[in-house]
Every structure is written in C-alpha cells, then in structure tokens.
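Have a look at the structure below, then the notes.
The values are calculated or read from the model by the stated rules, or taken from the named source; none is laboratory data. Just so it is clear, the model here is predicted, and its values are computed rather than measured. Glycine gets a Cβ as well: all are built from the backbone with ideal geometry, and neighbour counts include every protein chain shown.
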Amino acid sequence: MEAKIRKIGNSLGVILPKQLIDELHLKSGDKLNIEQSESGIELRTVDKEFEEWAEAYRQANTDYRDVLKELAK
C-alpha cells in the first residue's frame, strides 16, 4: 500500500488507507509504535493489555523503589 505524507497543522502526517484501518480494526485514538528499520519505517499496533501491564509495573516500581532495592540485595 502507498500513502502520501501530508501537512497537518505544523506537523506532517500519513493518512492510513481505509482498507488497512478496517483489516487492523483501528479506530480514532488508537496508538501505533513507530520504529526505524533498515528497510524504512515500521508501524505496529500497540498491545493494549501489555501497555496496561507496563504502566502498572512502572507505577509499582516508582511506589516501591526503596523496598525493591532492599529485596534485591
């Protein structure tokens, strides 16, 4: 598939083709990870369950930093 880079406000953006949006069940507000690779740019959908788990981990790590350091000794 091909998409054109367009000016959106002060930024540049890519409009995803409807066929791709439908196939991936994307909706407004969904997040994509953007990675640069040897062949160009890769877009990947964000795993919502993993994202929630990672946020809970970050919060627990922040809240219990001192306790975790003591347990690691």
Given the conditions (1) loosely packed, with under 11 Cβ neighbours inside 10 Å; (2) under 12 Å from the mean Cα position of the chain (by Cα), every one holds for Gln59 apart from (2)
Of the residues in region 15-50, those that are of a type in the set (Val, Ile, Thr) and part of a strand (DSSP E or B) come to Ile34, Ile41, Thr45
Leu68 vs (1) free of Cβ contacts under 8 Å to residues at least 12 places away in the same chain; (2) surrounded by 10 or more Cβ atoms within 10 Å (Cβ to Cβ); (3) in a loop (DSSP other than H, G, I, E, B): all pass except (3)
Here the qualifying pairs (Cβ atoms under 9 Å; residues six or more apart or on different chains; first in region 10-30 and loosely packed, with under 10 Cβ neighbours inside 10 Å; second in a helix (DSSP H, G or I)) come out as Lys27/Ile21
Scanning region 41-67 for residues that are of a type in the set (A, V, I, L, M, F, W, C) and modelled with pLDDT of 85 or more, the one farthest from Glu2 (Cα to Cα) turns out to be Val67
